Every structure is written in structure tokens, then in C-alpha cells.
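The values are calculated or read from the model by the stated rules, or taken from the named source; none is laboratory data. Just so it is clear, the structure is predicted and the values come from calculations on it, not from any experiment. Methodologically, a virtual Cβ is constructed for each residue, glycine included, from the backbone with ideal geometry; neighbour enumeration extends over all protein chains shown.
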Amino acid sequence: MELPFRGSGDLLLPSGEMLAIRQRLKRLAPRHDLTTVIACAFDHRTRILPFIYADLRMVPAGVRAIGSALVDSGFEKTRIVLQQWNRNFSPRQMRLDGRIPDMFLVSSMHLHSEECDRLIRDAQRIDARHRPLIIAGGPRIIYEPWQVFSADPNDRWGADVAVTGEEYVLLQLLETLLGMRGAGESMRETFLRARDAGALDEIPGLVYARTSGRDGPAEELVDTGIQRLLGDLDELPHSAIGYELLEAPSRAATLERNALPGNQVRRYCNVSSIVLTVGCKFRCQYCPIPAYNQRQHRVKSGERVAEEVGRIAQQFRISNFFGTDDNFFNDTRKTLDIAEAVARRVRTGKRPYCMIRLGTEATVHDTIRIQEHLPVIREAGLTAVWMGVEDLTGTLVKKGQNESKTLEAFRLLRQNGIYPVPMMMHHDSQPLLTRKNNYGLINQLRILRKAGALYTQVLMLTPSPGSKWYEDTYNSRLAFAKVHGQAVAPHIVDGNYVVASKSARPWIKQLNLLLGYTYFFNPLRMLGAIVWSKSNIPHADVERRPADEIAKYSAWRRFRRRVYLKLRARLIDTGVQALAMAGLFHTYRRTLRWAWHLFRGGIERCEQPPFSELPMRDPRGNAAAHALPGTRTSAREATPDLLLILPDRSRAA
């Protein structure tokens with residue numbers, strides 16, 4: 001179910017409010033001396049194609065943004081812990097500035113739910129007198145905030161509050177609490193007082209539990225509504241600040257005395273995620289992005305983007321960037337504002353701008369529409385575009401793409417020196433291979449490879465919280481609850497596993513995913529790429545070092561450098577194949593087990609979507625904005641069957 005919309009005229013924060021709240025907090029900060037630890041939950045069982053390797057080498061933008069906002073508001077004693085790098089981290093043992101932190105924040109995606117819950121449970125084992133205020137956030141919480149609150153009175157665990165919005169919501173919560181905090185009072189005690197006094201109810205974007213007694217079991221959840229969005233992304237704190245807060249990779253359960261030194265960040269992170277634009281014009285039914293953004297398209301100015309990438313490249317020596325865009329080409333004017341601002345600096349031929357490489361996401365339709373501007377976009381450093389092709393025939397999803405348009409978009413990108421990376425979606429009605437048309441998965445991958453794709457991702461259509469199709473996927477009995485006695489765990493709900501299908505033989509669909517990847521990444525193709533390289537395109541061998549630096553080289557060194565660039569451009573294709581095959585090994589290792597369970601049968605299907613066992617309401621007693629249909633608004637209502645599971649006794653043939 002999509003998130004509801006705020007009233008017209010009340011979607012965005014007033015201009016300048018994000019800057020103003022940080023200034024107000026800076027004046028409050030010296031009186032409180034807060035320490036904060038922000039944990040990014042990560043389940044290492046999710047490390048398979050197409051995300052393996054990048055998942056460890058790119059620090060998520062979300063936790064960096066929260067850390068940057070806190071430090072920029074005056075709370076400099078902040079540390080970011082990535083479970084990607086610190087898988088043994090224990091909140092019970094964390095100490096910052098020699099003491100238990102005042103606040104413990106956990107950010108999580110849905111597939112990392114188990115680790116998120118474990119971190120919260122571990123933090124709650126801290127003695128109540130010193131326990132930090134526990135705040136949960138991230139993509140998982142945006143759509144299903146009730147998941148971090150226990151409905152079992154005999155197993156009382158959960159966050160103190162869930163933030164269903166962006167940085168401003170957290171800062172507004174913090175400002176409210178610090179305005180009430182007494183001398184020597186813990187942040188959690190202040191929160192409990194504010195909660196009981198109703199002081200949080202006018203902060204849109206929070207969910208918290210009402211309990212029986214001060215620390216009793218949760219009785220209901222109060223949802224303060226849909227957040228107001230920041231309209232001008234230039235008001236965000238500088239994202240480079242977050243890199244100064246990272247906990248160094250370690251096998252220890254505790255924290256180091258100091259954060260990872262800036263000159264060592266590139267050793268562990270060689271790609272920087274960066275927010276450029278947010279929002280997309282398309283309304284794909286499987287995607288929650290448009291509703292989350294309230295149908296808004298928000299951007300940073302070109303000057304802000306140029307300054308930001310320049311600072312990160314200069315300070316941390318990271319020259320590879322990935323824009324976390326939903327559709328970078330969504331608005332021509334705004335795209336060009338960013339591209340031209342960066343390109344002007346690239347033309348100087350000076351470091352760090354001459355070294356910058358940028359990747360991002362866009363659509364086939366908008367790539368063709370913006371074709372005349374691709375040269376300046378490439379000049380700005382854009383070298384790869386992840387494209388939501390989904391299905392070449394447009395049978396599953398129609399967003400302006402078909403085979404001819406996709407091939408045209410690929411041709412335009414490649415002739416301008418930009419690598420296209422197709423993102424494909426496999427579904428029940430698509431066979432692995434067809435003879436007389438290009439409907440089959442292998443058929444489409446063959447076309448895309450021939451058109452110049454070096455890399456691809458193939459995911460199965462999966463229930464996505466916050467999308468139009470989410471509720472229907474359960475109501476139509478497509479979603480699995482158990483397979484051969486194995487529950488559908490959160491870490492496999494990522495599109496790489498078949499967890500929703502009407503097929504009588506879903507194990508075939510699971511094997512199709514593996515066969516699709518194997519067709520695209522294999523030893524024969526790797527060897528063939530040496531001769532018929534898809535990576536040797538215009539600008540692939542361009543010299544990126546400053547001209548005055550190259551001028552100091554001897555003639556022999558310049559010759560060797562030129563040969564190196566030529567060879568590298570040709571061998572990138574081979575290198576991608578080798579790296580992907582290594583990732584494919586782990587993909588086989590993890591997903592074949594699920595294919596075996598699917599083959600054994602015994603599939604139990606969900607009849608309706610999962611929703612909160614705790615009643616959810618807004619502060620006035622009405623239905624909660626983040627509640628799925630079927631959720632009670634009062635404890636006095638009869639409890640419905642929360643999750644009806646029907647067995648599918650037909651064994652896969």
C-alpha cells in the first residue's frame with residue numbers, strides 16, 4: 001500500500017527551515033554534551049549478485065546524512081558503525097567519549113531486519129539507569145515502523161521511537177527533547193516525559209509506543225503522520241562530514257577511541273554515494289518511490305553538487321561517485337544545471353575534478369529525450385547509467401521502453417562514452433528462452449549484451465512495502481509464508497529469491513535467475529571479451545591526469561601510460577566478467593538451497609499482508625498513516641486474523 005499524501009500546500013518545509021533548526025540546535029548543543037552512535041544494520045547473508053562487492057565498498061548515504069546533520073547541529077561526539085565492516089559490534093559494549101552514548105540510532109533496510117532487531121535487543125540489555133534513547137530509522141521503518149515494537153508482553157523489546165522521515169524529523173525530535181531536558185536527566189527519561197505529555201504529537205514522521213506504566217509492555221502505537229519534505233536539497237548538511245565519523249573496520253565488539261582517519265577512508269571505501277536528485281515522474285506499481293516523495297522531484301543545485309564532489313575527492317581521495325537518483329534525467333533543466341557546473345570544473349584540467357567518475361540511474365525514455373545533452377553530461381564525468389529496462393517487450397512494466405527504444409538509448413550512451421547497465425525484472429509469465437520472439441529472459445540478455453551491456457542485474461518481482469502492488473501480492477495469494485518448512489526470512493526478500501509466484505513450479509523461476517546470470521557472466525564470454533571488448537568505447541582511454549602533470553613525464557613514461565590506458569579500456573570488459581563470476585559463485589552457493597526447498601514443495605501462502613499486531617492510531621485516535629489495511633486503531637477492537645496461511649499441497653513436478 002502506498003503512503004498517503006499530505007494536504008495540498010503542506011507537502012514541503014518552509015524555505016530555510018532546515019538551516020534554521022540546525023542553527024537553533026547549535027545554540028542548545030553546548031549545554032547538553034550529547035554522545036551518539038549510529039549503526040547501519042547489515043546481514044552478511046545478503047552478499048550475492050548483483051550487489052556483492054559494492055555493498056562493502058560504498059558507505060550508505062543515509063547513515064552519513066544523519067551523522068552529518070548531528071555534527072552540523074553541534075553534536076560532534078557522533079560515531080557511525082557499519083555492520084558491513086564491524087559485524088561483531090555489540091551495543092551493550094559500546095562506549096563513546098568514555099561513556100555509554102546518550103542516543104543509539106539504528107538504520108535498516110527490510111532485508112537486514114534480523115540484524116536490526118538484534119542490535120535493538122542488545123542495546124536494551126544495558127542497565128536501565130544508563131540505557132540510551134533508542135531510535136530506529138531507514139527504509140524499513142519508513143513503510144513498516146511497527147516492526148521495531150514488540151507486541152508480545154512476555155518479550156518486551158523495541159525502539160523507543162521510530163523515525164519514518166528524513167533528517168529534519170530527527171532534528172525536530174531532538175530540539176523538542178532538549179527544550180524539555182532537565183539537568184542530569186538522560187535522553188531516554190526526557191523522551192518518556194515528552195511522550196506522556198503529548199509533546200511529540202505535532203512532529204510529523206514519528207511512531208512511538210504507549211505503554212502500561214513507564215516501562216510496561218506496549219499497548220498501542222501512535223503515528224504522528226507523514227513527514228514534511230525538504231524541498232531545497234541545498235539546505236542539507238555537507239555529506240563529506242559523515243566520512244569523518246566512521247568506525248574503523250574491526251572484528252571487535254567495542255568501539256575504537258577515535259574514528260577512522262580521513263586519509264584511510266579510501267582504503268575501505270572507493271565509491272562515494274551522493275544525493276543529486278530525488279523523485280521520478282513514472283508511477284510503476286511495484287515501486288514505492290513516487291508516493292514516498294509525495295510526487296515531488298527534488299534536486300541539489302549544480303554549484304552545490306560540484307562543491308560536494310570536489311570536497312570529497314580532495315579530502316578523502318575518492319574519485320568514483322554513485323548518484324542515489326531515482327531518475328537523474330527526470331528534468332532536463334535540473335540535470336543540465338548539475339552537469340554543466342561539474343563540467344566547467346572538469347575543463348580546467350585540475351585535480352580533483354579531472355579525476356571524477358560518476359554513475360547513476362535513469363530511464364530509457366528520458367535518455368532518448370535528453371540525447372542532445374549527453375556530450376556535456378559525459379564531460380561532467382558520467383561514465384555509467386543503470387537503466388530500469390525491466391522487460392524489453394514492456395509486457396510487465398510500461399514506462400516508455402521497448403526493444404527499439406532500449407537499443408537506441410544504449411547506442412546514444414555508448415557513442416558518448418557512457419556505459420549502459422540494464423536492470424532487468426523476471427516474472428511468472430516470462431520463459432527462460434523463446435524461439436520466435438524476444439520474450440524469453442535469455443533472449444533479452446543476448447540482445448542487451450550485443451548492444452553493449454558490460455554488466456546487468458536480474459531480479460524477481462518481489463512484494464515491495466509501500467508500493468501499489470504490495471497488498472495485492474498478498475491478497476492474491478502470490479506471497480509465500482513458508483517453503484518446505486522454511487520461513488521466508490527477511491534477508492531473502494531482495495529480488496534474488498523467488499518468494500512470490502503463481503507458478504506451479506517456482507523452483508524453475510529460481511533456476512532461471514541463475515541461468516540468466518550464468519549466460520551473461522561465464523568463462524567463454526570473459527575470454528571473448530579480450531578480442532570483442534564491449535568496454536572499448538569513446539573516452540574510455542582518455543587521460544584523466546592533469547596535463548601539467550603529464551608534461552613532466554619522460555617520453556618513455558608517457559608512452560607506457562598511453563599503452564596502459566588503451567589496454568585498460570579494452571580489458572575492463574574482461575575484468576567485469578571475472579569479478580561477476582566470483583560473485584556468481586556466492587549467488588549459486590546461497591540461492592540453490594532455496595531452489596531445492598522450492599522443488600520439495602510444501603508451499604504455504606499468505607492470504608493477506610502482514611500488519612501491526614499492536615493497534616495503531618494518530619494522536620487524535622484516527623487511522624494511522626503508516627498502518628496497512630486491517631490494523632486496529634484501538635485495543636478494544638476485535639483482533640483479526642493477522643496472517644492467514646493456506647497450504648499449497650501441490651508438489652512441484
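Note down all Cβ pairs under 6 Å where the first residue falls in segment 211-225 and is farther than 11 Å from Ala627 by Cβ, the second is surrounded by fewer than 22 Cβ atoms within 10 Å (Cβ to Cβ) and hydroxyl-bearing (Ser, Thr, Tyr), and they're at least six residues apart or on different chains.
Ala218/Thr211; Glu219/Ser212
Going through segment 36-56 one residue at a time, which ones are over 11 Å from Trp85 (Cα atoms), hydrophobic (A, V, I, L, M, F, W, C) and surrounded by fewer than 20 Cβ atoms within 10 Å (Cβ to Cβ)?
Selection gives Phe51, Ile52, Ala54.
Among the residues of segment 399-420, is any crowded, with 17+ Cβ neighbours inside 10 Å, part of a loop (DSSP other than H, G, I, E, B) and of a type in the set (Lys, Arg)?
Yes - at least one qualifying residue is present in segment 399-420.
Inside segment 205-219, can you point out the residues that are more than 15 Å from Ile134 (Cβ to Cβ) and surrounded by 20 or more Cβ atoms within 10 Å (Cβ to Cβ)?
If the condition is that a residue be more than 15 Å from Ile134 (Cβ to Cβ) and surrounded by 20 or more Cβ atoms within 10 Å (Cβ to Cβ), then Gly205 is the only one that fits.
Going through segment 168-194 one residue at a time, which ones are basic (Lys, Arg) and surrounded by fewer than 17 Cβ atoms within 10 Å (Cβ to Cβ)?
Answer for segment 168-194, where residues must be basic (Lys, Arg) and surrounded by fewer than 17 Cβ atoms within 10 Å (Cβ to Cβ): just Arg193.
Provide a single number: the residues in segment 362-383 that are surrounded by fewer than 17 Cβ atoms within 10 Å (Cβ to Cβ) and either of a type in the set (Gly, Ala, Ser) or without any contact (Cβ under 8 Å) to a residue 24 or more places away in the chain (or both).
Residues meeting the conditions: 1.
So which residues in segment 292-303 are within 16 Å of the chain's Cα centre (by Cα) and either within 18 Å of Arg333 (Cβ to Cβ) or part of a helix (DSSP H, G or I) (or both), if there are any at all?
If the condition is that a residue be within 16 Å of the chain's Cα centre (by Cα) and either within 18 Å of Arg333 (Cβ to Cβ) or part of a helix (DSSP H, G or I) (or both), then Tyr292 is the only one that fits.
Which of the residues spanning segment 88-99 are touching a residue at least 60 places away in the same chain (Cβ under 8 Å) and assigned to a loop (DSSP other than H, G, I, E, B)?
Selection gives Asn88, Phe89, Ser90, Met94, Arg95, Asp97.
Which residues, taken from segment 233-276, are among the β-branched types (Val, Ile, Thr) and assigned to a loop (DSSP other than H, G, I, E, B)?
Residues satisfying the conditions are Thr254, Val275.
Go through (1) farther than 24 Å from Arg590 by Cβ; (2) hydrophobic (A, V, I, L, M, F, W, C); (3) crowded, with 21+ Cβ neighbours inside 10 Å for Met460 and report which single condition fails.
Just one mismatch for Met460, condition (1).
Taking the condition of being in contact (Cβ under 8 Å) with a residue 40 or more places away in the chain and part of a loop (DSSP other than H, G, I, E, B), how many residues in segment 13-33 meet it?
Residues meeting the conditions: 5.
For segment 270-312, name all the residues that are at pLDDT below 90 and of a type in the set (S, T, N, Q).
Gln285
On the basis of being outside any strand (DSSP E or B), at pLDDT 95 or above, touching a Ser or Thr at 6+ places or on another chain (Cβ under 7 Å) and not hydrophobic (A, V, I, L, M, F, W, C), does Gly67 make the cut?
Spelling it out, Gly67 is indeed outside any strand (DSSP E or B), at pLDDT 95 or above, touching a Ser or Thr at 6+ places or on another chain (Cβ under 7 Å) and not hydrophobic (A, V, I, L, M, F, W, C).
Taking the criterion of being of a type in the set (Gly, Ala, Ser), over 29 Å from Arg47 (Cβ atoms) and either surrounded by fewer than 24 Cβ atoms within 10 Å (Cβ to Cβ) or modelled with pLDDT of 95 or more (or both), would at least one residue in segment 106-125 satisfy it?
No: segment 106-125 contains no residue that is of a type in the set (Gly, Ala, Ser), over 29 Å from Arg47 (Cβ atoms) and either surrounded by fewer than 24 Cβ atoms within 10 Å (Cβ to Cβ) or modelled with pLDDT of 95 or more (or both).
When both residues are 6+ apart or on different chains and their Cβ atoms are under 6 Å apart, which pairs have a first residue that lies in segment 602-613 and is closer than 16 Å to Ala489 by Cβ, and a second that is surrounded by fewer than 21 Cβ atoms within 10 Å (Cβ to Cβ) and at pLDDT below 95?
Ile603/Asp648; Glu604/Ile645; Glu604/Pro647; Pro610/Leu643
Taking the stated definitions as given, is Gly198 farther than 19 Å from His32 by Cβ, surrounded by 18 or more Cβ atoms within 10 Å (Cβ to Cβ) and in contact (Cβ under 8 Å) with a residue 60 or more places away in the chain?
When the stated conditions are applied, Gly198 does not pass them.
Out of Leu28, Leu3, Leu11, report the one residue that is touching a helix residue (DSSP H, G or I) at 6+ places or on another chain (Cβ under 6 Å), modelled with pLDDT under 95, closer than 19 Å to Tyr168 by Cα and aliphatic (A, V, I, L, M).
Only one candidate passes the filter, namely Leu3.
Please work out which residue is farthest from the chain's Cα centre (by Cα), limiting yourself to segment 253-289 and to residues that are small (Gly, Ala, Ser) and buried (at least 16 other Cβ atoms within 10 Å of the Cβ).
Among those residues, the one meeting the criterion is Ala259.
In segment 210-232, which residue that is among the basic types (Lys, Arg) and in a loop (DSSP other than H, G, I, E, B) is farthest from Gln147 (Cα to Cα)?
The extreme case among them is Arg228.
Among the residues of segment 385-393, is any assigned to a strand (DSSP E or B), within 25 Å of Arg333 (Cβ to Cβ) and of a type outside the set (A, V, I, L, M, F, W, C)?
Yes, that holds for at least one residue.
If I filter segment 518-535 down to residues being surrounded by fewer than 16 Cβ atoms within 10 Å (Cβ to Cβ) and closer than 27 Å to Arg378 by Cα, which single residue comes out as farthest from the chain's Cα centre (by Cα)?
Restricting to residues being surrounded by fewer than 16 Cβ atoms within 10 Å (Cβ to Cβ) and closer than 27 Å to Arg378 by Cα, the top hit is Val531.
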